[in-house]
Amino acid sequence: MSTSQERLVVVARIVGIYGVRGWVRVESYTAPPENVLNYRRWHLRRGGGWEPVELLEGQPHGKGLVVRLQNLTDREQARTFIGTDIAVPRSELPPLEEGEVYWADLQGLRVETVRGQSLGVVDYLFATGANDVLVARDGKRERLIPFVRDQVVTRIDLDAGVVVVDWDPEF
């Protein structure tokens, strides 16, 4: 499968520069954050498309990570990459245990209540201290639904493209 056909999953973002030789600071979305360094084939979102790039080296630094990327060699060049999303091919993510899902696999799925009422589609998820939150949008409103398996999120059917929730549609 070519890169243009591969499904890419955003795993990090370039948030700053480090030093004078083109290193950049990275905010990782993986758990633990250092896991993003396990992927060597990165794709950077530039100019409306994805550019493949090789991760040459990286390491934890302070509260984040610093990395050196292929063909990124000076501070001013690196500065133009701040805010750039970093993705890896979905096929390179580790296999999951039974019942686990990647957040990226939920995006775009329909969200329905246990009574079959549509709440829209999964736009994105985010982490909080207490639990993760699923954001469903239906074109009119946005709903923040606690992502608590077996209590609020009662069923996830990737094949059918649906997340079933025990949630009041008025919330």
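What follows draws every value from the coordinates through simple rules; no lab data is involved. Just so it is clear, the model here is predicted, and its values are computed rather than measured. Positions of Cβ are generated from backbone atoms using ideal geometry, with glycine treated the same way; all protein chains shown enter the neighbour counts.
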**Request:** Test Thr73 against the criterion of being free of Cβ contacts under 8 Å to residues at least 40 places away in the same chain and surrounded by fewer than 16 Cβ atoms within 10 Å (Cβ to Cβ), and give yes or no.
**Result:** no
**Request:** Would you point out which residue out of Asp105, Asp123 is part of a helix (DSSP H, G or I), surrounded by 14 or more Cβ atoms within 10 Å (Cβ to Cβ) and either out of contact with any Ser or Thr (no Cβ under 6 Å at 6 or more places or on another chain) or charged (D, E, K, R) (or both)?
**Result:** Asp105
**Request:** Those residues that are within 22 Å of the chain's Cα centre (by Cα) and either part of a loop (DSSP other than H, G, I, E, B) or farther than 15 Å from Ser118 by Cβ (or both), I need them from region 158-171; list them, please.
**Result:** Leu158, Asp159, Ala160, Gly161
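Could you pull out the residue among Leu72, Leu65 that is in a loop (DSSP other than H, G, I, E, B), out of contact with any His (no Cβ under 9 Å at 6 or more places or on another chain) and not β-branched (Val, Ile, Thr)?
Leu72
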**Request:** Looking for whichever is more than 20 Å from Asp105 (Cα to Cα), among the charged types (D, E, K, R) and surrounded by 18 or more Cβ atoms within 10 Å (Cβ to Cβ) here; the options are Arg21, Arg68. Which one fits?
**Result:** Arg68
